[in-house]
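The values are calculated or read from the model by the stated rules, or taken from the named source; none is laboratory data. Fair warning: this is a prediction, and the values are worked out from it, not measured in the lab. Using ideal geometry, Cβ is built from the backbone for each residue, glycine included, and neighbour counts are taken over all protein chains shown.
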Amino acid sequence: MDRIRLTLPTKPEYVSLARLTIASVANNMGFSIGDVEDLKVAVSEACTNALNHSMNPDSTYDLIYTVEENEKLSFTVTDRGVGFEPETVVEPDLNGKKVNGFGLFIIKSLMDRVDIVSEKGAGTSITMIKNLSTANEI
Amino acid sequence: MDNKNRTGTEQATMISIKGEIDIYSIGKFRESIEEKIETQAPQIILDCTELSYMDSTGMGVLIELRNKAKEMGQKIIMMNPRPNIKKLLNITGVDKIIDIIENPINQS
């Protein structure tokens, strides 16, 4: 099992770095092109949430990859922001004036497992797991 | 992100969206697209052939634009989105409110 830890500045321009690193790790592991795209979206959504909603007073947040060879990729985005109650997130209203709430919905749709640990005033940690499929899906 | 190109007829305005739309590029994207959709054309076609990445940030703006356009009696159409983007439009149900078309001439 390998572990990679990145500390990213709480700035929008570095979210693409999360996508680049996950694509590299997932390609090395043998994920399909479609799965790599899904992983890029999931990590990007989690980082975007850390930037947009956490009100993180820190100048950084953390991204940790755990590589389980031939099995699965697990990754966790942790901020030290205000925290939230995951069950209070409402599904997005497509006809609304301002459209929010898609991020978590997309992550849950694309990943095999999602665990959210959030504490008010202490921050949020979201762990996403994608199993390495043996099917030759593109 | 680059969406400079626009060609228009009376029936449709065509806007080409290129590169990546995420939390970083969304400000510029919103600004430039809002200015470009100020048109009388009943159809606004977003050519997504060269759009390589978009997440919920971009979709939020597209939905807002679609809702505004609808109020003005206009329709927003996405042309040639890549499979990764089409998948997101599908799982979020956005493909039910924004038409998606494939134009084979324009596909790479």
query = Restricting the stretch B:70-83 to residues that are within 14 Å of chain A (Cβ to nearest Cβ) and crowded, with 19+ Cβ neighbours inside 10 Å, which is modelled with the lowest pLDDT?
reply = B:Ile76
message = With the structure loaded, tell me whether A:Leu94 is within 9 Å of chain B (Cβ to nearest Cβ) and either at pLDDT 95 or above or outside any helix (DSSP H, G or I) (or both) or whether it fails that test.
response = yes
request  = Please determine, by comparing only the residues of the stretch B:59-68 that are surrounded by 19 or more Cβ atoms within 10 Å (Cβ to Cβ) and out of contact with any Phe, Trp or Tyr (no Cβ under 7 Å at 6 or more places or on another chain), which one is farthest from the other protein chains (Cβ to nearest Cβ).
outcome  = B:Leu65
query = Can you tell me which residues in the stretch B:35-64 are over 24 Å from A:Val15 (Cα atoms) and of a type outside the set (Lys, Arg)?
reply = B:Glu35, B:Ile37, B:Glu38, B:Thr39, B:Gln40, B:Ala41, B:Pro42, B:Gln43, B:Ile44, B:Ile45, B:Leu46, B:Asp47
ask   = With (1) surrounded by fewer than 16 Cβ atoms within 10 Å (Cβ to Cβ); (2) hydroxyl-bearing (Ser, Thr, Tyr); (3) modelled with pLDDT of 95 or more as the list, and A:Ser44 as the residue in question, which single condition is left unmet?
value = (1)
query = Just wondering, is there one or more residues in the stretch A:22-31 that are closer than 17 Å to A:Glu119 by Cα and assigned to a helix (DSSP H, G or I)?
reply = no
task = Could you check how many residues of the stretch B:20-51 are more than 10 Å from chain A (Cβ to nearest Cβ) and either modelled with pLDDT of 95 or more or crowded, with 21+ Cβ neighbours inside 10 Å (or both)?
result = 10
inquiry  = Just to be sure I understand, how many residues within the stretch A:1-42 are within 15 Å of the chain's Cα centre (by Cα), within 12 Å of chain B (Cβ to nearest Cβ) and of a type in the set (Ser, Thr, Tyr)?
reply    = 3
key: Members of the stretch A:43-70 that are facing chain B (nearest Cβ under 9 Å) and of a type in the set (A, V, I, L, M)   = A:Leu51
query = If only one of B:Leu65, B:Leu89, B:Leu46 is part of a helix (DSSP H, G or I), over 24 Å from A:Ala18 (Cα atoms) and touching a residue at least 12 places away in the same chain (Cβ under 8 Å), which one is it?
reply = B:Leu65
inquiry  = Filter the stretch B:68-86 down to the residues that are in contact (Cβ under 8 Å) with a residue 24 or more places away in the chain and in a loop (DSSP other than H, G, I, E, B) and list them by number.
reply    = B:Gly73, B:Gln74, B:Asn80, B:Pro81, B:Arg82
